[in-house]
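Please read the structure below before turning to the comments.
Please treat every number below as a calculation from the coordinates, not as lab data. Computed from a prediction, not measured in an experiment: that's the story for all the values here. In this analysis, Cβ positions are derived from the backbone assuming ideal geometry, glycine residues included, and neighbour counts consider all displayed protein chains.
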Amino acid sequence: MSAPREPPSFVFPRALGPRRPAVERGEGAVLWDQAGRRYLDGSGGAVVVNVGHGREEVVRAMARQAASAAYVHGTQFTSDAVEEYARRLAPHAPGDCRQLYLVSGGSEANETAVKLARAYHVARGEPSRHKVIAGTVSYHGSTLGTLSLSGRPTLQSPYRPMLTSTPRALAPFCYHCPLERSYPACGVACAEDLERVVRREGPETVSAYIAEPLLGASAGAAVPPEEYAARAAETCRRYGILYVDDEVMTGFGRTGRWFGIEWSGVAPDIVTCGKGMSGGYMPVGAVLASEKVAKAVGGAGGFVHGYTFSHHPVTAAACLAVLDILEREALVERARRLGETALGLLQELGRHPHVGDARGRGLMLGLELVADKAARRPFPRAERRAEALAERCFANGLVTYPSGGVATGTDGDAVMLAPPFVVTEAQLGEMVEVLDRSLDALGL
């Protein structure tokens, strides 16, 4: 007797290929599909899940809010959930970036941030400031505006005629230094490039500089030199430019601090958030604006901007429950401590012939694959080595997050490891053991 056929799917898939297995449930750092197969969640999805799967207190908080008032428009009502979340988050925010504008995703957050920066300058009587400088290696979102800001040629290519031009400063990516120098002898020369770009564009035309404190999907968790952010921030201050800190991936404990920029001691003007805010329990993003930005824009009549689902009370309830767990269980410190263990285990994989670098901070880690270790020469993108490794790991029960184009924007392969903060040391060991076996199986 033949097996029953799967019903046809009318879901437009995120990725082509065989239909992905259907998830049944999750608990902590483990997922099970409907066939009963177990998977270690080694990437928190897309570097999202932090407090772990199956946290009933988050679900209960969402249900309570949905039962009392599931939706109101932000121009008509506020809610206790949004107000309390903003109050509770404020002490953790970098610098004085305490004014919360809640949205539905990281792309929306970055789009909101660059519009807010523009609004700030207009409010101050400098309407010529409209340009946003971004890094040569970066990722800030998938809307046309945020994709224009990103330094991801492979993602931009199909939409190139629709994208706007973005001035670019050299990214602080030491493993593939664009100046072909070595840190620290280089003196962080890449930081000087930001000022060069500002002067070339004309300081009076530049509104903001946007940067990630760790280079995420675009570079597989590359950690910039400690001095870079401080020098970039000083350049911004000198020319009256707003520093936008993109914490969509790095925020809410992922690097072992509440926000990744804390490692540098820099106080930005605007912070963007997403992913870990809700731990994956709701789609979410946010802007945290500094006092000077909020005061200037508010004094000029307000921010001409908005989304249907901004300031959403159920989203805020989920985020508040996640914040409670992060604080109560000291998970940010746990991410720092376990990240040191995990990075040590990943670095042992350097014995493989094509593992060029193991890097990262906290539980945001990356493994870069190269064709030639000595030259740091990447594999051609057409070979899709990162995807092959991720698929082999998945077949062996480990979920990872592959990224292509990390070396040149087109060529290069990395796989990110970013498990929930509740992962155990034994599970981390198992994850690295699966990576080890999968590298061997692929001759990497």
(message) If I model a spin label at His305 and Arg437 as a point 7 Å from the Cα along the Cα→Cβ vector, what separation in nanometres do I get?
(response) 4.8 nm
(request) Rank Thr136, Gln99, Val114 by how far each Cα sits towards the positive end of the charge dipole of segment 1-144 (+1 on Lys, Arg Cβ; -1 on Asp, Glu Cβ) and give me just the farthest. (result) Thr136
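As a test, work out the antiparallel percent of DSSP beta bridges whose residues both lie in segment 56-328, rounded to the nearest 5.
Numbers: 12 of 24 bridges.
Restricted to segment 56-328, the bridges split so that about 50 percent are antiparallel.
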(request) At most 12 other Cβ atoms within 10 Å and a DSSP loop assignment: could you name the GluC sites (Glu not before Pro) in segment 102-192 that fit? (result) Glu180
(request) Obtain the nm distance between the two label points defined at Arg199 and Arg88 by a simple spin-label model: each point lies 7 Å from its Cα along the Cα-to-C-beta direction. (result) 4.9 nm
(message) I want to verify a result. In a Gaussian network model of the chain, Cα cutoff 10 Å, which of these has the top mean-square fluctuation: Pro353, Pro161, Pro225?
(response) Pro161
(message) Between Ala63 and Leu144, how high is the FRET efficiency from 1/(1 + (r/R0)^6) when r is the Cβ-Cβ distance and R₀ = 25 Å? Nearest 0.05.
(response) 0.10
(request) Rank the residues Met282, Met162 as a footprinting-exposure proxy: fewest other Cβ atoms within 10 Å of their Cβ go first. (result) Met162, Met282
(message) Roughly how far apart, in whole Å, are the Cα centres of segment 391-422 and segment 39-115?
(response) 26 Å
(message) What's the magnitude of the charge dipole for segment 56-328 around its Cα centre, counting Lys and Arg as +1 and Asp and Glu as -1 at the beta-carbon? Answer in Debye, nearest 20.
(response) 500 debye
(request) Please order His305, His53, His140 by the number of other Cβ within 10 Å, starting at the fewest. (result) His305, His53, His140
(message) Take Phe12 and Glu383, extend 7 Å from each Cα along the Cα→Cβ direction, and tell me the distance between the two endpoints in nm.
(response) 3.4 nm
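Please get the size of the charge dipole for segment 131-198, origin at its Cα centre, with Cβ charges of +1 on Lys and Arg and -1 on Asp and Glu, quoted in debye to the nearest 20. Present the calculation step by step, with values, prior to reporting the outcome.
Values: 6 positive and 4 negative charges, 46 e Å.
Dipole size: approximately 220 debye.
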(request) Convert each backbone phi in segment 123-134 into a coupling constant with the Karplus relation 6.51 cos²θ - 1.76 cosθ + 1.60 (shift: θ = phi - 60°), then list the ³J(HN,Hα) values in order as whole Hz, x for Gly and Pro. (result) 4, 8, x, 10, x, 6, 7, 9, 7, 10, 8, 10
(request) Would you mind telling me which residue in Gly344, Gly52, Gly17 has the biggest mean-square fluctuation in a Gaussian network model of the chain, where springs connect alpha carbons within a distance under 10 angstrom? (result) Gly17
(request) Please give the residues of segment 218-249, grouped as numeric ranges, whose backbone N is less than 14 Å from a label point set 7 Å along the Cα-to-Cβ vector of Lys292. (result) 233-244
(request) Among Arg168, Arg88, Arg336, determine the one that fluctuates most according to a GNM of the chain built with springs between C-alpha atoms less than 10 Å apart. (result) Arg88
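Expected output is a single nm value to one decimal: the length gained when fully extending between Lys115 and Asp372, i.e. 0.36 nm times separation in residues minus the C-alpha distance. What is it? List each step's numbers first, then the result.
On the way: separation 257, 0.36 × 257 = 92.52 nm, distance 4.28 nm.
My answer for the length gained is 88.2 nm.
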